[in-house]
């Protein structure tokens with residue numbers, strides 16, 4: 001698990017100092033994802049995206065969190081949005097897309 005719990009504590013302090021710090025919310029969301037605390041991950045990643053809609057990496061990570069939750073339609077929506085925002089993420093997003101079961105989406 002690494003030191004994700006410590007990182008969550010540090011990022012929570014950073015957010016307390018600056019509640020508009022999108023990258024701190026996104027990074028904490030990534031930590032929650034690594035800890036399999038998916039609802040908290042989605043909440044933080046969504047907050048990061050709300051604060052900075054151009055954070056393609058946060059959109060990708062939220063998509064991956066949705067994929068892990070088997071919410072495949074939402075995952076695909078985020079993956080496509082991330083690639084539209086930043087085509088350089090195509091390879092990274094592609095590794096996540098490959099994990100979405102072919103018959104899982106409408």
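Within segment 32-49, the set of residues being part of a helix (DSSP H, G or I) and either within 17 Å of residue 10 (Cα to Cα) or touching a residue at least 40 places away in the same chain (Cβ under 8 Å) (or both) comprises 32, 33, 34, 40, 41, 44, 45, 48.
The single condition from (1) closer than 16 Å to residue 26 by Cβ; (2) surrounded by fewer than 17 Cβ atoms within 10 Å (Cβ to Cβ) that residue 88 fails is (1). A single member of 63, 16, 29, 54 is farther than 20 Å from residue 100 by Cβ, part of a helix (DSSP H, G or I) and modelled with pLDDT of 95 or more, and it is 16. Taking the numbered list (1) surrounded by 18 or more Cβ atoms within 10 Å (Cβ to Cβ); (2) out of contact with any helix residue (DSSP H, G or I) (no Cβ under 7 Å at 6 or more places or on another chain) in turn, residue 11 passes all entries but (2).
Let's see how each residue does on (1) over 18 Å from residue 33 (Cβ atoms); (2) modelled with pLDDT of 95 or more:
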residue: 69; (1), (2): no, yes
residue: 74; (1), (2): no, yes
residue: 81; (1), (2): no, yes
residue: 95; (1), (2): no, no
residue: 99; (1), (2): no, no
residue: 104; (1), (2): yes, no
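Within segment 91-103, residues that are assigned to a loop (DSSP other than H, G, I, E, B) reach partners that are buried (at least 17 other Cβ atoms within 10 Å of the Cβ) with beta carbons closer than 8 Å, at six or more positions or on different chains, in the pairs 99/67; 100/67; 100/72; 100/75; 100/76; 101/72.
The values are calculated or read from the model by the stated rules, or taken from the named source; none is laboratory data. On a predicted model such as this, the values are computed, not experimentally measured, just so you know. So basically every Cβ, Gly included, is an ideal-geometry build from the backbone, and we count neighbours across all protein chains shown.
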